[in-house]
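A quick write-up on the structure given underneath.
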There are 2 protein chains.
Amino acid sequence: MNLKIALAQTPFIVGDIAANSQQIIATAQYAKQQLHADLIVFPELTVTGYPAEDLLLRTDFITQANNAIYEIAQAITDIAILIGYPEHDGNKLYNSAVVLHHGAIVANYRKQALPNYGVFDEQRYFAAGEQVCLFELNGAWFGITICEDVWQTQIVTQNKQAGADILLTLNASPFHAGKMQQREHIVCEQAKMTQLPIVYVNQIGGQDELVFDGSSFVVNQQGEIVFRAKEFASQLSVVEFIDGAPVLTEIAPSYNEISSDYQALVLGIKDYVTKNGFQGAILGLSGGVDSALVLALAVDALGADKVEAVLMPSRYTQAMSIEDAELEANALGVNYHIIPIEPAVNAFTQMLAAVFAGTKKDATEENIQARCRGVLLMAMSNKQGKILLTTGNKSEMSVGYATLYGDMAGGFAPIKDVSKLLVYKLAQYRNSLSAVIPERVITRPPSAELAPDQVDEDSLPPYDQLDAILERYIERDQTAQDIIAAGFSPAHVQRAISLVDRNEYKRRQSPPGIKITPRSFGRDRRYPITSGYRGV
Amino acid sequence: MNLKIALAQTPFIVGDIAANSQQIIATAQYAKQQLHADLIVFPELTVTGYPAEDLLLRTDFITQANNAIYEIAQAITDIAILIGYPEHDGNKLYNSAVVLHHGAIVANYRKQALPNYGVFDEQRYFAAGEQVCLFELNGAWFGITICEDVWQTQIVTQNKQAGADILLTLNASPFHAGKMQQREHIVCEQAKMTQLPIVYVNQIGGQDELVFDGSSFVVNQQGEIVFRAKEFASQLSVVEFIDGAPVLTEIAPSYNEISSDYQALVLGIKDYVTKNGFQGAILGLSGGVDSALVLALAVDALGADKVEAVLMPSRYTQAMSIEDAELEANALGVNYHIIPIEPAVNAFTQMLAAVFAGTKKDATEENIQARCRGVLLMAMSNKQGKILLTTGNKSEMSVGYATLYGDMAGGFAPIKDVSKLLVYKLAQYRNSLSAVIPERVITRPPSAELAPDQVDEDSLPPYDQLDAILERYIERDQTAQDIIAAGFSPAHVQRAISLVDRNEYKRRQSPPGIKITPRSFGRDRRYPITSGYRGV
């Protein structure tokens, strides 16, 4: 048999069923009329977007999603459409995929493997399906899987045994570094084992803390990739099958780890800011590498005219910090303001003089400075309708080296899941495209500049040690004992772990940020604040 | 058969396996030696505390919890002990209960019904058990269930059919208004239906957003309650069984809805503050009813000497607000400070004059005032090691009538799940015990006092309308159409719902607070921030 299958790696909006339905119809029409496709495959839960979270508990939302299926089926009849939707049956809800053709429902499959780990909560909403579902088109039999299903050999094998010639899979698989390679590896293995060609369509776009990278692909029955869509971009493609085998089409090059992290961050910022209706973004520019990177990311995501920087020096700010911040803003063509924070810091110092009489200086005074900056930035954000981006990295979030309501104030935290060492790599990568971050910003020792001659290493282990310890403790659940046995300094390990343990309360109030590692903070890592557990 | 069963409604610390093990041993010894108990029943997941959340994904934590079982078995041998623990078997984890006696494991039961809704994520961690487990003591056969199990008729019936004479149930059932009555109703029905006496032991204490109210009880085979432990208090009790039937013991009176809400808030504050090692609490006292109630709760939880109030008037603060705030602080014997915020507000106004030139006054200027108060309070919190309590209620959290990093700044939000109307009821209830809140605070129209002559009803529907609409939309998932059909003004309904929909971003950064309703914010209601869903 011969046919053409379209892969709809096109963006959908979580919660907006009406808009998503319209887009399904328009995309399917285009695929039929312009690309001459016989079948179009959309990503998982197309109609609602993914993840719709507790919207799935609302009866009105589910009713609307189920009605949309009939409307779409009526609206376009000359191409077979495979879309995902939350199927309501009796008092159960299924994560389902439906084939619509000639105005009717041709097939309906219920996802069997419901992930309930990491960022996934599917068993909160869905009951599991219990059988495969095949449908016929142009003389070929198609099996259907949904995301997690295709990772399970048993489910892929069931489809083969039931008589599938080709396997279609709808996905909403979020990005983290190396995830694309992992997906392709698994799916190629499944194809080879069952000798089934597999069509893999993934969601594209940022949704709160997740970025869906697209990277849809087709693999033949020998387990070879014959088509790959772009990463981090919307793309409607068509792959031809001749005698049941997919024809070698275009294979988009894959980014390396650093550049794919960078693209994920850009897409995550772009979609959060635009989907939430902000006029643009502002951020505090300190002359340090973190804010320099966030500025570059924001400009690459939104355009220089939508981004505004604010320099807020204090008595502890070195001249080179201001110089470098101005260089960065100018290199990227970004409008900036300089507002020294001394008047507000002095006001608070005087207002608190009586209650603080007889006490010693401590982190309180540093926090006041950070919070004065927070008030200024939020005022500008409120006045202009621009979102405030925070500039804290994952190393800082891990150990609580940040001020709540100070530098942690903001609507979105783009590099919250980026370790300090990765910040440097991403800065260098960005400079390799065009020089926008002064070299000195990358080479000088990092400092919060909240006290005289302060550098981060006064309070924290050196970042090359710290980041490795954090990755082992947070992402790999290693114990202090394990980490020390791997050769790290016991003092550094104990310091890092005890800081992680006792700063959950800060992380709980931090803005959402973009997941780029196998375990980010937020929904991905759910720790109690009140806890007697001590990693050391 | 005759025997005595002890019910250990005693506090455990999430994550602190060593301390919990010691407490199990000490409590069991006391129950044997002083109360002559033959068997002692502890709450669900005793060894780890509940909910231990993602600590359950750590191998070291699970190993320690499993080892603890053997240590406890060795440490106390002359009384049968029923405790809960996360049982590791192969690559699976079970929510289990184990009977220890004479130094050995006598029985091991794996929870069958794993809740994965509301605040519960048990399927994230645990595999489900598949069978009942009976054990014999003093000639009687005991069945075991764990929390959700006992709500399922099928599981209770299985125990009866397998030959149980008495059913024991370990629980970690969090409080919300009416929950105790619901629990007792279900369990009495199960007892009547199966003619099994049931011993129900519940966890006690606050844990982040949850309060476990205790209220352990024993019901006889006629479905009558013959024993009830106190609500919201630690209590080790013993109930005698003669010829297999529990003897009528003490039945603690149950609070009414308002007083049990009040007790839940007091216990929630006490445990959050003390378990997290704070020296005490501070809060901003405005002269309004919300902060008046939080002050009273904090004093009842911690004692007046541990609580400090700060009055921070601005040019918009009425004289009666300051007078009333001082009256409250004095009535409760709380130390207070008065710090006018004008110097900081003026400093920010001047610092922002250039960038704000040509713009109109809007909510930005109101937010600056709230944020100056946030900076002051956080500075005092940091300097003294006292936690800052926020004073926002559920009505405000729902519609976003609060300033991020301003009045939302703080470590804990005691009345975050308390609607405005319930705030009034709780204030009146507290005054009925002793007059601590001036009558005028309860009768005057609520105002944020951030602009001249401002009252809440300028921006929001009247609270009697608003609270009813919010309860229907948030807790009952009704649609705007449903609510209007029930007789509410379409304009009020649309205003309220659209504010709820668009303020998820604020709630996401709010401090944790105490759940007292069937659906609180936080883990209980997981909505996307980026969302095309519109309730109207």
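Numbers below:
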{"quantity": "Residue in the range A:378-400 that is buried (at least 23 other Cβ atoms within 10 Å of the Cβ), within 22 Å of B:GLY411 (Cα to Cα) and at the interface with another protein chain (Cβ under 7 Å from one of its Cβ atoms) present", "calculated": "yes"}
{"quantity": "Residue match in the range B:401-411 (condition: of a type in the set (S, T, N, Q) and in contact with a Phe, Trp or Tyr (Cβ under 9 Å, 6 or more places away or on another chain))", "calculated": "no"}
{"quantity": "Residue match in the range B:216-230 (condition: closer than 30 Å to A:ARG508 by Cβ and of a type in the set (Asp, Glu))", "calculated": "no"}
{"quantity": "Subset of the range A:502-522 (residues that are open to solvent by 20 Å² or more (accessible area, probe 1.4 Å), among the aromatic types (Phe, Trp, Tyr) and touching a residue at least 40 places away in the same chain (Cβ under 8 Å))", "calculated": "none"}
{"quantity": "Wholly within the range A:341-429, helices (runs of 4 or more DSSP H) carrying at least 3 residues that are within 23 Å of the chain's Cα centre (by Cα)", "calculated": "A:394-399"}
{"quantity": "Verdict on B:VAL238 being over 24 Å from B:GLU53 (Cβ atoms), at pLDDT 95 or above and part of a strand (DSSP E or B)", "calculated": "yes"}
{"quantity": "So B:ILE83, is it at pLDDT below 95 and hydrophobic (A, V, I, L, M, F, W, C)", "calculated": "no"}
{"quantity": "Selection within the range B:460-488 - over 28 Å from the mean Cα position of the chain (by Cα) and open to solvent by 40 Å² or more (accessible area, probe 1.4 Å)", "calculated": "B:GLN481, B:ASP482, B:ILE484, B:ALA485, B:ALA486, B:GLY487"}
{"quantity": "Unique residue being touching a residue at least 40 places away in the same chain (Cβ under 8 Å), surrounded by 21 or more Cβ atoms within 10 Å (Cβ to Cβ) and either away from every other protein chain (no Cβ under 14 Å) or not hydrophobic (A, V, I, L, M, F, W, C) (or both) when the list is A:GLY143, A:GLY178", "calculated": "A:GLY143"}
{"quantity": "Residues located in the range A:19-31, provided they are in contact (Cβ under 8 Å) with a residue 12 or more places away in the chain and within 11 Å of chain B (Cβ to nearest Cβ)", "calculated": "A:ASN20"}
{"quantity": "Evaluation of A:SER531 against (1) open to solvent by less than 20 Å² (accessible area, probe 1.4 Å); (2) over 17 Å from the mean Cα position of the chain (by Cα); (3) within 13 Å of chain B (Cβ to nearest Cβ) (one fails), failing number", "calculated": "(1)"}
{"quantity": "Residue within the range A:281-304 that is assigned to a loop (DSSP other than H, G, I, E, B) and within 14 Å of chain B (Cβ to nearest Cβ) present", "calculated": "no"}
{"quantity": "Complete set of residues in the range A:270-284 that are open to solvent by 10 Å² or more (accessible area, probe 1.4 Å) and over 20 Å from the mean Cα position of the chain (by Cα)", "calculated": "A:GLN279, A:GLY284"}
{"quantity": "Filter result (among the hydroxyl-bearing types (Ser, Thr, Tyr) and surrounded by fewer than 24 Cβ atoms within 10 Å (Cβ to Cβ)) within the range A:146-175", "calculated": "A:THR153, A:THR157"}
{"quantity": "Subset of the range B:49-79 (residues that are within 29 Å of the chain's Cα centre (by Cα), in a helix (DSSP H, G or I) and aliphatic (A, V, I, L, M))", "calculated": "B:LEU55, B:LEU56, B:LEU57, B:ILE62, B:ALA65, B:ALA68, B:ILE69"}
{"quantity": "Count of the range A:305-323 residues which are farther than 16 Å from A:THR391 by Cα and in a helix (DSSP H, G or I)", "calculated": "6"}
{"quantity": "Some residue of the range A:331-353 being within 14 Å of chain B (Cβ to nearest Cβ), open to solvent by 10 Å² or more (accessible area, probe 1.4 Å) and closer than 30 Å to A:GLN207 by Cα", "calculated": "yes"}
{"quantity": "B:ILE483 outside the structural domain of B:PHE175 (by TED's automatic domain parsing) and under 29 Å from A:LEU404 (Cα atoms)", "calculated": "no"}
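The values are calculated or read from the model by the stated rules, or taken from the named source; none is laboratory data. Not measured: the values here are computed from a predicted model. Here the Cβ is made from the backbone with ideal geometry for all residues, glycine too, and neighbour counts use every protein chain on show. These area figures cover heavy atoms from the full protein model, side chains too; ligands, DNA and RNA do not enter into them. Shrake-Rupley method; radii C 1.70, N 1.55, O 1.52, S 1.80 Å.
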